[in-house]
Structures are given as structure tokens and as C-alpha cells.
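This is the structure, below, for whatever I ask next.
The values are calculated or read from the model by the stated rules, or taken from the named source; none is laboratory data. Note that the coordinates shown come from a computational prediction; the quantities given were computed from them, not determined experimentally. A quick note on method: Cβ atoms are made from the backbone with ideal geometry, for glycine too, and the neighbour counts reach across all protein chains shown. Heavy atoms of the whole protein, side chains included, go into the accessibility calculation; ligands, DNA and RNA do not. Shrake-Rupley method; radii C 1.70, N 1.55, O 1.52, S 1.80 Å.
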Amino acid sequence: MDLDDNARNLVQALTNGDAEKISTSRFSSLLASKDRDYLLSSTTQDDQVKISDLEGKVIGLYFSANWYPPCRNFNKVLIGVYEQLKSNGSNFEIVFVSSDEDLSAFNSYRESMPWLSIPFSDLETKKALNRKFEVEGIPYLIILQPDGSTLHDGVELIYRYGIEAFPFTEEKLEELRREERMKHESQTLTNLLTNPGRDYLLDQTMTRKVPVDSLIGKTIGLYFSAQWCFPCAKFTPKLISIYQKIKQSLEGKGGGVEDFEIVFVSNDRDQSSFDSYYGTMPWLALPFGDPIIITLAKYFDVQGIPCLIIIGPDGKTVTKQGRNLINLYQENAYPFTDAKLESLEKEMEEEAKRLPRSNYHAGHRHELTLVSEGNGGGPFICCDCDEQGSSWAYQCLGCGYEVHPRCMRAVDPATAASVQHT
């Protein structure tokens, strides 16, 4: 179907060589059609707001869909930020650009939203906006400034800074980055994990209080997780096993020169879930619902769980990729430093030289070829263990199936051919 005249003019106007500038006088061209000069309000299904009422405001174009869990998760965060900004009288508005599959899903999702929406039926405007802003994934939040400038990483900024990101100007963001750098430079375990009313963590009994200061000088893993999270349910038993192996190895060295501890940072929905989940863990925990949990998630820019942040003996952040390193190297990843990882990567390179160049896997019917990051490989999700990998992998060159070399279960071609799924 051809674009209508207004949408065609929009595309032409937005591709004239100035892709990062949008005049506020173009809001109608961005958001209207030849038959519509309004947006749907959040108050009722039929209530309308003139697009011209948006002039002079900071606008967030919110590309999202009800069917996608990451959108629903971000939606809750965005609602909280939006309502705080509106209650403060901030000059901010959001416009929902739906990727829902049908009107019923759109209406259901929109009921949770306190902001404006482009009508579900206006397919051409939604297509034009997706094309203009090159939206390749959702959730996606574009910030349009009154001066005509745009900002594309609204989702990251909301997760990272929350209400403090407003008004999303470069000056404001640079101020936040500067403050963030200063915080990281002065970071200590004590100021990370304590607050004015609490200087302790819980142990496995949930009754004994362990002073945070007793962890100073140790390597610490901050484990963001929750019982309701399926990937967490798969990763936690693995982490428990690795934790115990690291502790045993360090005890075997004797002398108490170094030690490792994990602190559970709960994303559980209620105390009962926290109690049940933490009851399976052999390490320490922040109390359920402690306000510092939200602070830590923002500080470390935690956008998904499970997440394992590693803090060194000096109280500084070693890596935010603890989960991936555990999956790649198991207990050998300890102490997670750059020097240790460089050594492990060299060992992996040497080990890869001894691996078969191709093989058949018990979980796949096609032949798999050994690839590396510089030879057709790269970051991937292992189709056998569902965890992330990088560098070396066995890959099906025909369909993209990939597994960690350690997950490879070699079989003969006839056995592989009998596998029903690919």
C-alpha cells in the first residue's frame, strides 16, 4: 500500500540530510495523518488530545508491544518515572507507538499506560515512524527535544538514571555521567551495601547479622536474581556449585590470604518468595525490600537478571559480566580480573587447536563446524545450555545452531540424522 500524501511528505522531510534534527513545528507531520490531528488520551478509549498541544514539550516516542516480556517489564519502570515527572509539573509527554498484533492486545496494553497513543488503526504513521527512527528492536524510546534534537537511547537512560535523566539534554546527561564517574572512583564496599539504618547483611539463617565491614578485602559477587525468573532458576544451581568449588579451593590454599563471598540482591515480589528462594542459597543477602536494592540496580545499570557483578578486594568494580564468565570458565574464572581472563583466553586458544574442526552433536541433525570470533563466530546463546558464549563455538553453517565446545556431545552422523528438531 502506498503511503498517503502526508506520510510521504513526512518521509521526504525526514530524509533530507538532517537525520538528527526535527523541528517542533513538524510534530503534526510526525504524528498525524491527513484524517487525524489528534492522539488518544489515557483517560478513556475515545478521548482525544490535539497534537498541537505537544508543542514546546519534551516528547518520548515509545515503541512497544504487549506480547513481548521485556516491553512489559520496562513499561512498569517507565510508568513510575512518567508519573513522578508529571506530578512534579515537568514539561514531558510520552506517545505510544504500538507493535501489538491486534486491537484487543493494543487496548489491553494501553489500559496500563498513563500517556498518549497513536491509534492502532493508523498503520502508515506507525510504519513511517519505525522507518524514520530505524527501530530494530523493542522496547525503544526516542526523546524529541523542543529545540529539534533527538536522543535514541531513552530506554537505557530510564533504566540507568530514572527521573534524574530529565530533561534528557546533553548537558544533563554529562552532569549525570560526571557524578557517576565520581561515585565509581570513590566506591567502597561499605558505601555500596550499607545505609544509615543498616550496616549488616543476612546469613543463611536469616537471623544472624553479618557486618558489611567483615567483607572488606574479599572478592564479592553481587547476585541480582529472583525466584520468578526462569533463567535465574537455571543459573542459581550452577552458581551454587561454582561458589562452593571456589570456596573449597581457597580453603585448600590456607592462610586466609584471600576469600570469596556472594551477596544476594533480591528482585523477588514478596517476602515469602524471598524466604523460599534464599533458603536454597549458601551465601549472604541484603534484606528483602531494602531500598539500596533499587539504588544498586541503577548504579550498575542492571537491565536483566540473573546478573552477577564482581567487586574486588579494594571495593572497586572488577566486572559486570560475572554470569558470562562463570558460564565460560566455571570456577576457573575466579578472581575475574583482566589478567586472569587473559590467561584463560590463551588456554582456550590452545585447547581449541586440539578440538575437531567439525563434528556431529546429539542435539542437532546437521554437522557443526568449529568457529572463532574472527572466523564466523562471535557472541551467541548456546542452544544446549541456553547460556551466553563468545569466542569459540560449534556452529551449524546452514541454520545457525551453536553450542559451547564443552556442551558438545559427539555422535556419529547416522545418530545425528535421526534427531527430529534442528
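Does Y223 satisfy being more than 25 Å from V77 (Cα to Cα), touching a Ser or Thr at 6+ places or on another chain (Cβ under 9 Å) and aromatic (F, W, Y)?
On the way: more than 25 Å from V77 (Cα to Cα): no; touching a Ser or Thr at 6+ places or on another chain (Cβ under 9 Å): yes; aromatic (F, W, Y): yes.
The answer is no for Y223.
Can you tell me how many residues in segment 122-160 are open to solvent by less than 40 Å² (accessible area, probe 1.4 Å), within 19 Å of R72 (Cα to Cα) and either of a type in the set (D, E, K, R) or not in a loop (DSSP other than H, G, I, E, B) (or both)?
So the answer is 6.
A further question on this structure: Could you please find all residues in segment 33-58 being surrounded by fewer than 17 Cβ atoms within 10 Å (Cβ to Cβ) and among the β-branched types (V, I, T)?
Correct list: T43, T44.
Kindly list the number of the only condition in (1) modelled with pLDDT under 95; (2) among the aromatic types (F, W, Y); (3) open to solvent by 10 Å² or more (accessible area, probe 1.4 Å); (4) touching a helix residue (DSSP H, G or I) at 6+ places or on another chain (Cβ under 7 Å) that fails for F230.
Just one mismatch for F230, condition (4).
Filtering segment 313-335 down to residues that are in a loop (DSSP other than H, G, I, E, B) and within 23 Å of the chain's Cα centre (by Cα), which residue is surrounded by the most Cβ atoms within 10 Å (Cβ to Cβ)?
At the first step, the residues of segment 313-335 found to be in a loop (DSSP other than H, G, I, E, B) are 313-316, 320-321, 334-335.
Imposing the further condition that a residue be within 23 Å of the chain's Cα centre (by Cα) reduces the set to 316, 320-321.
Working: K316: 13, K320: 15, Q321: 19.
Top of the filtered list is Q321.
Of everything in segment 111-121, what is of a type outside the set (S, T, Y), open to solvent by 10 Å² or more (accessible area, probe 1.4 Å), in contact with a Leu (Cβ under 9 Å, 6 or more places away or on another chain) and assigned to a loop (DSSP other than H, G, I, E, B)? Give them in sequence order.
Scanning segment 111-121 gives P119, F120.
Report yes if S241 is surrounded by 14 or more Cβ atoms within 10 Å (Cβ to Cβ) and of a type in the set (S, T, Y), otherwise no. Can you show your working first?
On the way: surrounded by 14 or more Cβ atoms within 10 Å (Cβ to Cβ): no; of a type in the set (S, T, Y): yes.
Answer is no for this residue.
Still on this structure, I have one more. Could you grab me the full set of residues in segment 294-321 that are closer than 21 Å to G217 by Cβ and free of Cβ contacts under 8 Å to residues at least 12 places away in the same chain?
Result: D314, single match.
The conditions are (1) more than 22 Å from Y243 (Cα to Cα); (2) touching a helix residue (DSSP H, G or I) at 6+ places or on another chain (Cβ under 9 Å); (3) charged (D, E, K, R), and R323 fails exactly one of them. Which is it?
The number of the failed condition is (1).
Only one residue in Q84, Q145 is touching a strand residue (DSSP E or B) at 6+ places or on another chain (Cβ under 9 Å) and modelled with pLDDT of 90 or more. Which one?
Values: Q84 fails: touching a strand residue (DSSP E or B) at 6+ places or on another chain (Cβ under 9 Å).
Among Q84, Q145, only Q145 is touching a strand residue (DSSP E or B) at 6+ places or on another chain (Cβ under 9 Å) and modelled with pLDDT of 90 or more.
Would you pick out the residues in segment 372-398 that are open to solvent by 70 Å² or more (accessible area, probe 1.4 Å) and either among the aromatic types (F, W, Y) or over 21 Å from P306 (Cβ atoms) (or both)?
E373, G374, N375, L397, G398
Now for a different question. Exactly one condition in (1) touching a Pro at 6+ places or on another chain (Cβ under 8 Å); (2) open to solvent by 10 Å² or more (accessible area, probe 1.4 Å); (3) modelled with pLDDT of 90 or more is not met by E164; state its number.
(1)
Just to be sure before I move on: is M281 under 25 Å from Q321 (Cβ atoms) and either open to solvent by 20 Å² or more (accessible area, probe 1.4 Å) or not in a helix (DSSP H, G or I) (or both) in the structure I sent?
Details: under 25 Å from Q321 (Cβ atoms): yes; either open to solvent by 20 Å² or more (accessible area, probe 1.4 Å) or not in a helix (DSSP H, G or I) (or both): yes.
Yes, satisfied.
Then there is this: Counting only residues that are assigned to a helix (DSSP H, G or I), in contact with a strand residue (DSSP E or B) (Cβ under 8 Å, 6 or more places away or on another chain) and more than 26 Å from Y159 (Cα to Cα), how many does segment 32-58 have? Steps first, please.
Step one: of segment 32-58, the residues assigned to a helix (DSSP H, G or I) are 51-54.
Right, trim to in contact with a strand residue (DSSP E or B) (Cβ under 8 Å, 6 or more places away or on another chain) and you get 51, 54.
From what is left, the residues that are more than 26 Å from Y159 (Cα to Cα) are 51.
Of the residues in segment 32-58, 1 are assigned to a helix (DSSP H, G or I), in contact with a strand residue (DSSP E or B) (Cβ under 8 Å, 6 or more places away or on another chain) and more than 26 Å from Y159 (Cα to Cα).
Please enumerate the residues belonging to segment 336-371 that are part of a loop (DSSP other than H, G, I, E, B) and either of a type in the set (F, W, Y) or surrounded by fewer than 16 Cβ atoms within 10 Å (Cβ to Cβ) (or both).
Filtering segment 336-371 for residues part of a loop (DSSP other than H, G, I, E, B) gives 336-337, 353-357, 362-366.
F336, T337, K353, R354, L355, P356, R357, A362, listed by residue number.
Same structure again: In segment 59-110, which residues are open to solvent by less than 30 Å² (accessible area, probe 1.4 Å), in a loop (DSSP other than H, G, I, E, B) and not small (G, A, S)?
Across segment 59-110, the qualifying residue is only D100.
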